[in-house]
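Following: one structure in structure tokens, then a few remarks.
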Amino acid sequence: MSLNLRRPTKRHSKLETGLRTATLTIRGGIPKNYSCSIDMDYEARYRQAQRPKYDCLLFDLDDTLYPLSSGMAASCCKNIADYLVEELGIEESIVPELGNLLYKNYGTTMAGLRAIGYSFDYDDYHRLPYENLKPDPVLRQLLQGLSIRKLVFTNADKVHALEVLKRLGLEDCFEGIICFETVNPPSSSTPAAAGVFDIVGHFARGPSVDGVELPKTPVLCKPSPEAMEQALRIANIDPHRTVFFDDSARNIQAGKRAGLHTVLVGTRHRVKGADYALESIHKMKEALPELWEEAEVASAAAGNIRYSAGNVAMETPVTA
Ligand SMILES: [Mg+2]
């Protein structure tokens with residue numbers, strides 16, 4: 001027989017009404033305890049429907065948590081060029097082309113340098129004008145208004161990431177930092193190649209002419225799929241319930257392929273793979289107001305639980 005279990009009443013919300021009017025087919029009559037079992041089923045589905053859409057925010061660091069106008073990126077480019085000439089002895093005239101080829105083919109210049117055979121100390125790589133970065137109370141307040149997980153995912157090293165967060169006054173706003181060392185632990189490093197691969201000559205001749213493949217980099221970094229997967233696995237992130245913020249269109253596209261919800265930062269123009277585009281990270285509340293609405297609901301619910309249990313909730317500190 002077919003049975004409509006409950007007739008919707010005005011007391012029920014639209015969501016409740018939809019769930020409560022489920023139709024059930026019962027052969028051989030209605031069991032005496034049907035009301036109880038149906039209520040349990042309803043409760044489970046109701047809780048599922050009430051679950052917030054997102055449970056984690058994943059932020060790139062450079063040019064995402066602070067604007068490109070800080071001048072950090074321009075200084076970084078100049079430092080890299082100087083480093084290639086002064087420390088690695090690369091001919092100055094080929095530096096622009098070399099840098100471009102490495103970046104295009106390996107995600108970062110550093111990953112490319114390692115791939116073609118250079119070995120260097122990563123600590124020498126960043127000599128940046130950190131004094132350009134100032135505390136950002138607006139972003140701090142936005143982040144602290146959200147109780148869900150928040151992590152940084154950067155290709156940079158830990159020293160740089162900590163320095164940037166400290167300068168921005170955001171060092172205590174994140175559960176952790178997924179940085180270069182996180183996805184490239186010391187045990188994963190490989191010895192430098194015996195010689196240096198001529199990547200400029202390789203492309204000048206045309207890859208299809210010499211039949212030689214580009215060497216693989218031993219370094220994992222965005223936007224490689226392996227780096228994305230590694231970061232999500234290490235931080236135990238469900239990509240389908242996570243919003244990923246990055247200023248790089250390539251990284252956003254890699255994030256989308258990994259299943260993340262994506263926000264391109266630094267422009268109002270969406271690119272393929274970006275669910276949203278924000279001129280500034282300060283606009284995140286306007287683009288995703290539901291994050292703060294869900295936070296308010298969760299906060300109210302947590303308050304009720306604390307009150308009835310008579311306990312004081314404490315945050316669990318998590319280190320980077
Ligand atoms: Mg960036």
Taking the alpha-carbon centre of each part, the distance from the stretch 232-300 to the stretch 153-169 in Å is 20 Å
The answer for GluC sites (Glu not before Pro) in the stretch 79-114 that fall in a DSSP coil and have at most 12 neighbouring Cβ atoms within 10 Å is GLU91
With the charge dipole of the stretch 222-285 built from beta-carbon charges (+1 for Lys and Arg, -1 for Asp and Glu) about the Cα centre, the Cα from VAL271, ILE237, ALA254 projecting farthest to the positive end belongs to VAL271
Two pseudo-spin positions, 7 Å from Cα along C-beta at ARG127 and at ALA295, lie apart in nanometres by 4.0 nm
Magnitude of the Cβ-charge dipole (Lys and Arg +1, Asp and Glu -1) of the stretch 130-271 about the Cα centre, nearest 20 debye, reported as 500 debye
Residue separation between LYS134 and ALA204 times 0.36 nm, minus their alpha-carbon distance, gives in nm 20.9 nm
In the structure shown, of LYS78/LYS256; LYS150/LYS283; LYS53/LYS256; LYS150/LYS285, the pairs separated by more than 19 angstrom at the C-alpha atoms are LYS78/LYS256
Treating only Lys and Arg (+1) and Asp and Glu (-1) as charged, each at its beta carbon, one finds that the stretch 204-294 has a dipole about its Cα centre, in Debye to the nearest 20, of 280 debye
Expected sort for VAL183, VAL265 with the fewest Cβ neighbours (10 Å cutoff) up front is VAL183, VAL265
Fewest to most Cβ atoms within 10 Å: ASP275, ASP60, ASP246 sort as ASP275, ASP60, ASP246
Here, LYS53 and PHE120, labelled 7 Å along Cα→Cβ, have an inter-label distance in nm of 4.3 nm
Place a point 7 Å from the Cα of GLN141 in the direction of its beta carbon; the residues of the stretch 243-284 whose amide N falls under 18 Å from it are 280-284
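Only the coordinates and a few stated rules stand behind these numbers; no lab work does. All values reported here derive from a predicted model rather than from experimental measurement. Virtual Cβ from ideal backbone geometry, glycine too; neighbours counted across all protein chains shown.
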